[in-house]
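Peer 1: Structure in structure tokens, see below.
The values are calculated or read from the model by the stated rules, or taken from the named source; none is laboratory data. Predicted model only: the values in this text are computed from it and were never measured. Note that each Cβ is placed from the backbone with ideal geometry, even for glycine, and that neighbours are counted across all protein chains shown. Accessible surface areas use protein heavy atoms only, side chains included; no ligands, DNA or RNA. Shrake-Rupley method; radii C 1.70, N 1.55, O 1.52, S 1.80 Å.
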Amino acid sequence: MTLRFAYNTNGAANHRLDDALHLIKAAGYDGVALTLDIHHLDPFSETWAAEAGRVASLLEKLELTCVIETGARFLLDPNAKHEPTLVTADAAGRARRVGFLKRAVEIGAMLSAEAVSFWAGVPKPGVDHGEARRWLEEGLHEVAAFATASGVVPCLEPEPGMLIETLDDYAALAVPGLKLALDTGHCLVTGEREPAAAVREFADRIGTVAIEDMKRGSHIHLPFGEGDMDVPGVLEALEEVGFGKLICVELSRESHRADVMIPQALEYLRGCRRPGPVLAGEQETRRQWQ
């Protein structure tokens, strides 16, 4: 099967959204992982619905499909990165996060997104993890139910250092309709599984995949070839399980050279495939050309 690739707009933060989408299309991607942010389809703008409609039309014109990402750093609180979350002690803060995720689902429905991806959050010091778990499950049930009713696939991404950090943490949840947002690099950070093994083990629960390079034990998104990721092995596993959704390149530290990294990343992915076995009858043909 042919794998389908997307590029995350958090790696094009210095570009206008339209310009980023055109760059992604020109490079040859099949889609975009659209990180909702203050400068890229601000979900809290008074004109968010009109802007979502406009972006939907542009994506259709460019023949790009999409995944909605919700990891913007200061969208909800300009004074605290990634806050509030689903495990914030303040109930109003948790409600604000839930409201944001529901808005992301609404936008996802308007853009015919394959999935909406989000994470749990980090409990602050002094917060009881049992109570945080209860808050999290309440929020997940509410968001997942809303997404399902909206025809959008909700996906939870285990993140190093967060309450839901590993694939086992995700698997322990019992939330109807909640799929897995698998960031293959995170497996190298936590050391829980090899990324390709994670693909095979969770194949029936994966709603979206992120890919990049990373070094073992270090949560830094790196360009391909600069870390320890067996990228060909991961792609091989995705082909093996018949994964037909977008595989999203996430290089959030590379916005300053997005014009170079957007095409370079796809070129790497297309060029790093392991050659398949030589079929009977092909060996003689190959010898003739050597």
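Peer 1: Tally time: how many residues in the range 1-25 are open to solvent by less than 60 Å² (accessible area, probe 1.4 Å) and among the β-branched types (Val, Ile, Thr)?
Peer 2: Let us first name the residues in the range 1-25 that are open to solvent by less than 60 Å² (accessible area, probe 1.4 Å), namely 3-13, 15, 17-18, 20-21, 23-24.
If we keep only those that are among the β-branched types (Val, Ile, Thr) as well, we get 9, 24.
The total comes to 2.
Peer 1: If you check every pair at least six apart or on different chains, which have Cβ atoms under 6 Å apart with a residue in the range 149-160 that is open to solvent by 40 Å² or more (accessible area, probe 1.4 Å) first and a residue that is part of a loop (DSSP other than H, G, I, E, B) and aliphatic (A, V, I, L, M) second?
Peer 2: The qualifying pairs are VAL153/ALA115.
Peer 1: Out of the residues in the range 58-74 that are under 19 Å from the mean Cα position of the chain (by Cα) and within 17 Å of ASP30 (Cβ to Cβ), state the one that is most open to solvent (accessible area, probe 1.4 Å).
Peer 2: First, pick out the residues of the range 58-74 that are under 19 Å from the mean Cα position of the chain (by Cα): 59, 64-74.
Cutting the leftovers down to within 17 Å of ASP30 (Cβ to Cβ) gives us 59, 64-69.
On the way: LEU59: 6, LEU64: 13, THR65: 53, CYS66: 1, VAL67: 0, ILE68: 0, GLU69: 22 Å².
The selected residue is THR65.
Peer 1: Give the range 75-91 a look and list any residue that's open to solvent by less than 40 Å² (accessible area, probe 1.4 Å) and not aliphatic (A, V, I, L, M), or say none.
Peer 2: GLU83, PRO84, THR85, THR88
Peer 1: Here is a follow-up. What are the residues in the range 85-105 that are under 20 Å from the mean Cα position of the chain (by Cα) and under 18 Å from ILE164 (Cα atoms), if any?
Peer 2: Answer for the range 85-105, where residues must be under 20 Å from the mean Cα position of the chain (by Cα) and under 18 Å from ILE164 (Cα atoms): THR85, LEU86, ARG97, VAL98, LEU101.
Peer 1: Of the conditions (1) open to solvent by less than 10 Å² (accessible area, probe 1.4 Å); (2) in contact (Cβ under 8 Å) with a residue 40 or more places away in the chain, HIS40 satisfies every one except a single condition; which number is it?
Peer 2: In the conditions (1) open to solvent by less than 10 Å² (accessible area, probe 1.4 Å); (2) in contact (Cβ under 8 Å) with a residue 40 or more places away in the chain, HIS40 misses (2) alone.
Peer 1: Residue under question is GLU114, and the condition is that it be within 20 Å of the chain's Cα centre (by Cα), in a loop (DSSP other than H, G, I, E, B) and surrounded by fewer than 20 Cβ atoms within 10 Å (Cβ to Cβ); does it hold?
Peer 2: Answer is no for this residue.
Peer 1: How about the range 225-251: which of its residues are in a loop (DSSP other than H, G, I, E, B) and over 17 Å from PRO158 (Cα atoms)?
Peer 2: Selection gives GLY225, GLU226, GLY227, ASP228, MET229, ASP230, VAL241, GLY242, PHE243, GLY244, LYS245, LEU251.
Peer 1: From the list VAL55, VAL32, VAL98, exactly one residue is out of contact with any Lys or Arg (no Cβ under 7 Å at 6 or more places or on another chain), in contact (Cβ under 8 Å) with a residue 12 or more places away in the chain, surrounded by fewer than 21 Cβ atoms within 10 Å (Cβ to Cβ) and β-branched (Val, Ile, Thr). Which is it?
Peer 2: VAL98
Peer 1: Can you work out which of the residues in the range 117-129 that are of a type outside the set (Phe, Trp, Tyr) and open to solvent by less than 50 Å² (accessible area, probe 1.4 Å) is farthest from VAL67 (Cα to Cα)?
Peer 2: Initial filter on the range 117-129 (of a type outside the set (Phe, Trp, Tyr)): 117, 120-129.
Filter once more, keeping what is open to solvent by less than 50 Å² (accessible area, probe 1.4 Å): 117, 120-121, 123, 127.
Numbers: SER117: 8, ALA120: 18, GLY121: 20, PRO123: 27, VAL127: 32 Å.
Only one residue fits best here, namely VAL127.
This table checks each residue for (1) farther than 28 Å from ARG134 by Cα; (2) within 18 Å of the chain's Cα centre (by Cα); (3) of a type in the set (Asp, Glu).
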| position | (1), (2), (3) |
| --- | --- |
| ALA198 | no, yes, no |
| ALA210 | no, yes, no |
| ASP213 | yes, yes, yes |
| LEU222 | yes, yes, no |
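Peer 1: Moving on to the next point. Where in the range 122-224 are the helices (runs of 4 or more DSSP H), entirely inside, with at least 2 residues that are of a type in the set (D, E, K, R)?
Peer 2: So the answer is 129-150, 167-171, 195-201.
Peer 1: Kindly indicate whether any position in the range 30-44 is assigned to a loop (DSSP other than H, G, I, E, B) and within 25 Å of ALA172 (Cβ to Cβ). Write out each step before concluding.
Peer 2: Filtering the range 30-44 for residues assigned to a loop (DSSP other than H, G, I, E, B) gives 30, 36-44.
Narrowing the set further to residues that are within 25 Å of ALA172 (Cβ to Cβ) leaves none.
Scanning the range 30-44 turns up no residue that is assigned to a loop (DSSP other than H, G, I, E, B) and within 25 Å of ALA172 (Cβ to Cβ).
Peer 1: Could you list all residues from the range 161-186 that are under 29 Å from GLU236 (Cβ atoms), open to solvent by 10 Å² or more (accessible area, probe 1.4 Å) and not small (Gly, Ala, Ser)?
Peer 2: If the condition is that a residue be under 29 Å from GLU236 (Cβ atoms), open to solvent by 10 Å² or more (accessible area, probe 1.4 Å) and not small (Gly, Ala, Ser), then MET162, GLU165, THR166, ASP168, ASP169, TYR170, LEU173, LEU178, LYS179 are the ones that fit.
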